[in-house]
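The values are calculated or read from the model by the stated rules, or taken from the named source; none is laboratory data. Computed from a predicted model, the values in this text were never measured in an experiment. Note that we place each Cβ from the backbone using ideal geometry, even for glycine, and neighbour counts take in every protein chain shown.
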Amino acid sequence: MAAAPVASKPAVPASAAAPAKPAIPPKPAGPTPQPWDNEFIHRLKKVYGSGIREASTYLGQNYVVVDFSIVDEILSAYRDDEGFDYLVDLTAVHYPKREKAEFDVVYVLYSFAKNTRVRVKTQIADGATLPTAVDIWPTADWLEREVFDMFGIRFEGHPDMKRILLPDGWVGHPLRKEYSILQQDKEWVQINLGIPPSGIESGQ
Amino acid sequence: MKELLENDRDFYGQEWNEVEKPSTYLDSNELILNMGPQHPSTHGVLRVILKLDGEKVLGTECVIGYLHRGVEKIGEHRTYTQFAPYVDRMDYVAAISNGLGYCQAVETLINVEAPPRAQYIRTILTELQRIASHQVWLGTHALDIGAMTPLFYTFRDREEILKVFEKYCGARLTTHAFRIGGCQWELYEGFEKDVKKLCDFIEPKFAEYEELLTTNRIWVERTKGVGILNGDDCKALGVTGPLLRAAGVKWDLRKAQPYAAYSKMDFEIPTGENGDTYDRYMVRIKELYQSLKIIRQAVDNIPDGPIMAKVPKVLKPPVGEIYHSIEAPKGELGYFIVSDGSLQPYRMRIRPPSFVNLQALDKMVRGLLVADVVAVIGTLDIVLGEVDR
Amino acid sequence: MLNQLTGYLSNQTETPGAAGNYVWALIYILIVFAGVSFFVMLMNWVERKALAHFQIRLGPMRVGPHGLLQPIADAVKLLTKEDIIPDGADKAIFWMAPVWVVLTGFTTLIVVPFGPTQAVTDMNIGILFMLGVSSLGVLGIIMAGWASNSHYPLMGSLRSSAQMVSYEVAMGLAIVSAIMMTSFTSGWDGAGTLSMVKIVEAQRIQGTWFVFKFFPLGFIAFAIFAVAMIAETNRAPFDLPEAESELVAGFHTEYSGLRWSLFMLAEYAGMFAVSSIAATLWLGGWLRPFPNWLAGSRWDLTFSLVPGILVILVGVAAFYNAVRMPKHPALRPQTIGLWALGVAIVMIGAMMLAPAVRVRIVDASWFVMKVGFFMYLYIWYRATFPRYRFDQLMKVGWKVLLPLALGVLVVTGVIGLAPELKDWLLKGAR
């Protein structure tokens, strides 16, 4: 029985150190939101105090974060006092990890006279409702319906709060983070399109 | 008539006279007429439920969502670069505009600006796309009103524009022409000559379209006074684009908040007076000529230089959100992007001009006749891919 | 019966119907029916090609050389289609409607004069008969819309019938002013006539086509009729009832296959009928151009050669296109067909130039050429104009054409009575 020869590879000296890598320079700090103040914000802060949570500028775009209980008054103030007569967009963002304030509802406003845009944001909890903006700008009609359709946020006082893009009987709100991208309302699909939950078999 | 209605059931098993009852009215003298979703002139899968009193329209209800593909949801699961081709498929008639808006929005987010040469290329291609989009609009709108010949003329001339696109980026319709940070493709050999020849070729064709329609008595009678939407209504409803300009509001994002190379271009903003269908027609025709003017200026002055800014290969924008919009041929096309610092956007919201403009349909057709509804849908210039995303 | 058959052609002095010659009347009926059916197929081809050429495209090119066999392919397709009857449709009326429109459409053609003795019959109320029977055709359209049991056809048929009825009034008044002009024929003692043949005779005796009579009076009446006849036949720009983009296909939405082709047949036959009214009443029917200005037998000879020469030119055009056909083996049958067609047409044209034939067909050829001119106008309008909205259409019919037609009528009457009026006025003044 021969003794297994020891590996003839020379052992790597433990003391051999790899040449030191040059230190990676720290990344330059990216842009951060800067506080933004103007006369109107000042006035609002005086009236609502802590209701105006934040007023900042990021990359040249101004935004204001307000409390959800006063958002309709803020929007009316923007339209009536500051002349923001055009609601550009109304949408929502879902942050499931944020307790008690899962949804960010964003209103983008524009003033023709001043040629400026401002974003008014508010944060609400899952299941809470917001007052509708339809009486302030009729544009909000379908935009709010889409927010309801995609996120499930209801707007009180809306003339016709129902789904817009998805079929009426659909269960689920797709743009929420827990709704997987492959998910669909299988029951609705089966009843209405005749596709069984197992999917379309080839040859059909 | 009641028997006729009772036997029809709509797709979801609802009875016709129970379908979508808005809270304001339902009277037994009304006839409910359903247009679409498959209909020769709803420009896509749009369902319009008309409540008629004889031939007069009392109100409409639009049912959309037949082309909903979940683009915003997809946006959360693709990287910024991967999402760019999806954007073309929304307003598929004017894909280059969509791409421009998206690339500029992401460039705003990562605080990078495309180099001047890329800006000029983008401007030229976007204006060519505007002409092509308006040609599609003109052909289909004229066809709805009954003039079948302009359709063939406009589509024939649009072919020349699509040839230029094909030579530039390989695709005619869903072009994906721009990249985040600039353009990927350098201008091909002979691009300037092609574009100049194209401009010379196409300008007399605009005069042909006008000859067929602008002073045609039947066209004028069909479109003057139809679907009036004045300036205040437009602003309140959020309607932008040629509809707003036809109502007399001289507002164009290319002049109000210039982007790409528009600040260096000299062009006018055509406006109308009454906000009716004829004014919208004239505004878009004049926009065709203005686009030619921009293209001619731009193509003579393309600066040299790189076509792509320094953008990291792995694109991870810092945490934050922006909203950026451009003047697409149909109105204000906006992108609201929320980034959480990762490779994929946290929220990709697209503000489609056609979606918001389509809301105005109800207001525009009250009191008109059924034949006018078709004209008004045509003049709104909607593309269902954009409405439904 | 054999006496009726032989010898008729050699000494024709009247139309067979008027002469009581039933055999030849029947033969003429068959000729008219076959001719108009062939004409309808030809019109189908011409419409598609002309419309396509207006729209910078070629139209049918594959089925037969330059698409000449396309109408046959269409006919075969329509005949072999499934006969679909909607569920709640009233079957008897659904079946009856296309039959009715074809019946009335073709019945109007029995008084159409292709020549002085070349009509099936010559009623002394010819024009009234044509108007009356074509009005009956509206009933068929209403039946079609009602029996289909669906919104779109119903709305389409109601609109269509309202449109036809309103434009018939203007049409009728324009026709009456043309009839009035026949009474100005010297030698007729102020008697007008409703007979189609005699109307053309009146134009021949007066030496002028009525479209040029009392210029611009006759022309205005002609223009009114030319517009009203387009509305009568539901063609662009008055084709809202058939508008594709609005009501899918109007009153014939639910018809498919053979039934639909009957509607199409009736539409073209109706176009032929009203065009022949226009040609007869204003464009001098079978008379050659310039009967008065370029009178004389030499001019007669020259003008009688025109139809034959035109047919030969068509044959030459066929040769030209045959030469330009691409030299591809797959196109050989088409090329051969086109050459053969060209040869056939040239031979027919040469035959038409032969004196014996020429004399007989010159009248019919001029008539058909005038009707063809109107057909081309129909296609041209369809390519160019947008559609009138229904209320605008009715406004044009009632508020524009009707007052104009009334005005023309009154002025024609006054002018016609001018000599008597002058006498009467002077008598009073004496």
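For segment B:239-255, enumerate the residues that are out of contact with any strand residue (DSSP E or B) (no Cβ under 6 Å at 6 or more places or on another chain), of a type in the set (Gly, Ala, Ser) and surrounded by 24 or more Cβ atoms within 10 Å (Cβ to Cβ).
Answer for segment B:239-255, where residues must be out of contact with any strand residue (DSSP E or B) (no Cβ under 6 Å at 6 or more places or on another chain), of a type in the set (Gly, Ala, Ser) and surrounded by 24 or more Cβ atoms within 10 Å (Cβ to Cβ): B:ALA246, B:ALA247.
Can you tell which of B:ILE124, B:ILE74 is over 30 Å from B:LEU31 (Cβ atoms), outside any loop (DSSP other than H, G, I, E, B), over 18 Å from the mean Cα position of the chain (by Cα) and not aromatic (Phe, Trp, Tyr)?
Matching residue, one of B:ILE124, B:ILE74: B:ILE74.
Could you list, in sequence order, the residues of segment B:320-334 that are at the interface with chain A (Cβ under 10 Å from one of its Cβ atoms) and within 18 Å of B:TYR86 (Cα to Cα)?
B:HIS324, B:SER325, B:GLY334 - these are the residues of segment B:320-334 that are at the interface with chain A (Cβ under 10 Å from one of its Cβ atoms) and within 18 Å of B:TYR86 (Cα to Cα).
Output the qualifying pairs, or none if there are none: Cβ atoms under 7 angstrom, residues six or more apart or on different chains, first residue in segment C:291-314 and on the phi < 0 side of the Ramachandran plot, second residue basic (Lys, Arg).
If the second residue must be basic (Lys, Arg), the pairs left are C:PRO291/C:ARG204; C:PHE303/C:ARG288; C:SER304/C:ARG358; C:GLY308/C:ARG358.
Give the residue that is surrounded by the most Cβ atoms within 10 Å (Cβ to Cβ), with candidates limited to residues of segment B:256-270 that are of a type in the set (Gly, Ala, Ser) and touching a strand residue (DSSP E or B) at 6+ places or on another chain (Cβ under 9 Å).
Ranking the candidates gives B:ALA260 first.
Would you mention how many residues in segment A:173-186 are surrounded by 14 or more Cβ atoms within 10 Å (Cβ to Cβ) and either over 17 Å from A:ARG98 (Cβ atoms) or more than 7 Å from chain B (Cβ to nearest Cβ) (or both)? Steps first, please.
Of the residues in segment A:173-186, the ones surrounded by 14 or more Cβ atoms within 10 Å (Cβ to Cβ) are A:173-177, A:179, A:184-186.
Narrowing the set further to residues that are either over 17 Å from A:ARG98 (Cβ atoms) or more than 7 Å from chain B (Cβ to nearest Cβ) (or both) leaves A:173-174, A:176-177, A:179, A:184-186.
Qualifying residue count, segment A:173-186: 8.
Would you point out the residue of segment B:164-183, among those that are free of Cβ contacts under 8 Å to residues at least 12 places away in the same chain and charged (D, E, K, R), that is surrounded by the most Cβ atoms within 10 Å (Cβ to Cβ)?
Restricting to residues being free of Cβ contacts under 8 Å to residues at least 12 places away in the same chain and charged (D, E, K, R), the top hit is B:ARG172.
Just give me the residues in segment B:79-96 being surrounded by fewer than 18 Cβ atoms within 10 Å (Cβ to Cβ), more than 14 Å from B:THR174 (Cβ to Cβ) and in contact (Cβ under 8 Å) with a residue 12 or more places away in the chain, in sequence order.
B:THR79, B:THR81
Going residue by residue through segment B:135-153, is there one that turns out to be farther than 25 Å from B:VAL383 by Cβ and more than 14 Å from chain C (Cβ to nearest Cβ)?
Among the residues of segment B:135-153, not one is farther than 25 Å from B:VAL383 by Cβ and more than 14 Å from chain C (Cβ to nearest Cβ), which makes the answer no.
Please go through segment B:237-256 and give me each residue that is without any contact (Cβ under 8 Å) to a residue 60 or more places away in the chain and either out of contact with any helix residue (DSSP H, G or I) (no Cβ under 8 Å at 6 or more places or on another chain) or more than 13 Å from chain A (Cβ to nearest Cβ) (or both), ordered by number.
Taking segment B:237-256 as the starting set, the residues that turn out to be without any contact (Cβ under 8 Å) to a residue 60 or more places away in the chain are B:245-251, B:255-256.
Passing the criteria: B:ALA246, B:LYS250, B:ALA256.
State whether one or more residues within segment C:355-375 are under 22 Å from the mean Cα position of the chain (by Cα), aliphatic (A, V, I, L, M) and more than 27 Å from C:LEU68 (Cα to Cα).
No, every residue in segment C:355-375 fails to be under 22 Å from the mean Cα position of the chain (by Cα), aliphatic (A, V, I, L, M) and more than 27 Å from C:LEU68 (Cα to Cα).
Residues of segment C:21-31 being buried (at least 19 other Cβ atoms within 10 Å of the Cβ) and among the aliphatic types (A, V, I, L, M), which ones?
If the condition is that a residue be buried (at least 19 other Cβ atoms within 10 Å of the Cβ) and among the aliphatic types (A, V, I, L, M), then C:ALA25 is the only one that fits.
Somewhere in segment C:117-127, is a residue part of a helix (DSSP H, G or I) and surrounded by fewer than 19 Cβ atoms within 10 Å (Cβ to Cβ)?
Within segment C:117-127 (the criterion being part of a helix (DSSP H, G or I) and surrounded by fewer than 19 Cβ atoms within 10 Å (Cβ to Cβ)), the answer is no, since none of the residues qualifies.
Under 9 Å between Cβ atoms, at least 6 apart or on separate chains: pull out the pairs that start in segment C:68-84 with a residue that is within 25 Å of C:ILE336 (Cα to Cα) and end on any residue that is surrounded by fewer than 16 Cβ atoms within 10 Å (Cβ to Cβ) and basic (Lys, Arg).
C:GLN70/C:ARG62
Looking at the structure I just gave you, is C:LEU406 within 27 Å of the chain's Cα centre (by Cα), touching a residue at least 40 places away in the same chain (Cβ under 8 Å) and within 14 Å of another protein chain (Cβ to nearest Cβ)?
no
In the set C:VAL311, C:VAL227, C:VAL316, which member is modelled with pLDDT of 90 or more, surrounded by fewer than 23 Cβ atoms within 10 Å (Cβ to Cβ), part of a helix (DSSP H, G or I) and within 14 Å of chain B (Cβ to nearest Cβ)?
From the options C:VAL311, C:VAL227, C:VAL316, the qualifying one is C:VAL227.
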